[in-house]
Every structure is written in structure tokens, then in C-alpha cells.
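Below is one structure; the comments refer to it alone.
The values are calculated or read from the model by the stated rules, or taken from the named source; none is laboratory data. Computed from a predicted model, the values in this text were never measured in an experiment. Because the Cβ atoms are built from the backbone with ideal geometry, glycine has one as well, and the counts that use them run over all protein chains shown. For accessibility, only protein heavy atoms count, side chains too; no ligands or nucleic acids. Shrake-Rupley method; radii C 1.70, N 1.55, O 1.52, S 1.80 Å.
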Amino acid sequence: MINLVLLGVLVLAVGGCACVVWAERGGPRWVRGVATVTLAASELVRRSERRRRQRQRRSVTRTTSGGD
């Protein structure tokens, strides 16, 4: 079951990337819409990952400097 979910996510990601490329070349309106959604989702993931790394860095700094 989990394999099907992962396969579905992979298909959506590849399809979104294909729509981004197609939209850059002047695809139809629905492709530009899918490309916009794909780029917005990737930006959300990127920001989330950046925040997670910043929190990790702060917690590592606190644990290493707080032990002295």
C-alpha cells in the first residue's frame, strides 16, 4: 500500500516538472496553472526545509555551548 502512495507522489512530481517545462515553452493555460501550483509547492517545501535546518542548527549550538 505504501508503495502505491509513493508511486503516486512520484508520478505527480514528475508530471508537475513536465508541466513546468512545457509552460516555459508556452503551453496551454491549464499547463501554466499546474506549473504555478508545482512551483508554489516546491517553494513551500524549500522554506520548510530551511526553517527545519535553522532550528536544528540552533539546538546543536545550544547543547554544545550550554555544557561548559
**Item:** Residue ID - surrounded by the fewest Cβ atoms within 10 Å (Cβ to Cβ), chosen from residues in the stretch 19-30 that are free of Cβ contacts under 8 Å to residues at least 12 places away in the same chain and assigned to a helix (DSSP H, G or I)
**Value:** ARG29
**Prompt:** Within the set of pairs 6+ apart or on separate chains, which have a first residue in the stretch 41-58 that is closer than 20 Å to ALA13 by Cα, a second that is in a helix (DSSP H, G or I) and modelled with pLDDT of 95 or more, and C-beta atoms under 6 Å apart?
**Reply:** none
**Asked** Here are some conditions: (1) modelled with pLDDT of 95 or more; (2) under 15 Å from the mean Cα position of the chain (by Cα); (3) open to solvent by less than 90 Å² (accessible area, probe 1.4 Å). SER48 meets all but one. Which one does it not meet?
**Response** (1)
**Item:** The listed residue being assigned to a helix (DSSP H, G or I), of a type outside the set (A, V, I, L, M, F, W, C) and touching a residue at least 24 places away in the same chain (Cβ under 8 Å), out of GLY16, GLY33, GLY8
**Value:** GLY16
